[in-house]
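Undergrad: Pasting a structure here, questions to come.
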Amino acid sequence: MNDHPHSDGKPEAGDVTALLQRVAEEGDGLEALYRRVYGELRQQAASWLRRSPVTLQPTELISELYLKLEGSAHQFENRRHFFGACATGLRQLLADHARRRASEKRGGDQQRVDYDESRIAGEPNDFTIFDLSVAIDKLAEESARAARIVELRYFGGLSLEEAAAVTGVSTATATRDWRFARAWLIDHLGGMPAAGDGLAPG
C-alpha cells in the first residue's frame with residue numbers, strides 16, 4: 001500500500017478506503033484516518049474561510065468537522081463517500097458560523113464570498129456562503145440530486161465523475177444535473193461562475 005498522497009495532494013483512494021474498512025470492522029483506526037485526510041480537508045477549509053466572514057482557523061473548522069463525523073465514520077464505504085459527508089459537514093458548519101456572525105452584526109456589512117478558483121473559474125460572486133447554502137437547500141426542494149452535485153463539487157472538491165459515483169448515477173446524468181443546478185443558481189442568486197471543466201450552463 002502506498003502511504004504517500006497523489007501528486008495533486010489528495011491521499012490515495014485505496015489508503016482511505018482501507019482505513020474506513022478498518023474503522024467499520026475493528027472499531028479503531030479513526031485517528032489514522034483523520035491524519036491521512038487532514039491535509040486535503042484543511043486545504044478545503046482554508047479555501048472557504050478565506051472567502052467567508054467566519055474568523056475560525058482551518059484547524060478549528062476541521063476539528064469541528066471531525067466531531068460532527070465521529071459517530072458515523074464506520075458507515076462510509078470508500079474515499080468518495082467519506083469526502084461527500086465532509087462536504088455536507090463543511091457546508092453546514094460554515095453556514096452555521098456565518099449565520100451566527102450575521103446575527104451578531106445585526107445586519108451590518110458582511111464580507112462577500114467567491115469560489116475556489118482552482119476548481120471553479122469565473123468572475124467573483126456577489127453573495128455569501130450563507131446565501132449559497134440557503135440556495136442549495138432551496139434547490140434540493142426541486143432536485144435533491146442536483147443540489148447534492150453542487151455541494152459535492154463546491155464544498156467537497158469532487159470532480160463530476162466522483163460526484164456521480166457518490167450519488168450513484170452516470171457521469172452523463174451528473175453532467176445534466178450540474179447544468180440544471182448552475183442555471184437554477186444563476187437565476188436565484190443572480191450569478192454563478194463557469195465550471196473549470198468547461199461545462200456551459202443551459
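Undergrad: If R₀ is 22 angstrom, what is the calculated FRET efficiency for the pair residue 81 and residue 134, using the beta carbon separation as r and rounding to 0.05? Spell out each step's value before the answer.
TA: Working: r = 25 Å, r/R0 = 1.15.
Rounded to the nearest 0.05, the efficiency is 0.30.
Undergrad: Please give the peptides 33-45, 151-163 ranked by average Cβ packing (other Cβ atoms within 10 Å per residue), highest first, as a rough proxy for protection. Let's see the in-between values first.
TA: Details: 33-45: 18.7, 151-163: 22.5.
Packing proxy ranking, top to bottom: 151-163, 33-45.
Undergrad: Hey, rough spin-label estimate for residue 100 and residue 171, points 7 angstrom out along Cα→Cβ, what's it come to in nanometres?
TA: 4.1
Here, each number is a calculation from the coordinates, and none is a lab measurement. This is a predicted model, so every value here is computed, not measured. Please note: Cβ atoms are built from the backbone with ideal geometry, for glycine as well, and neighbour counts cover all protein chains shown.
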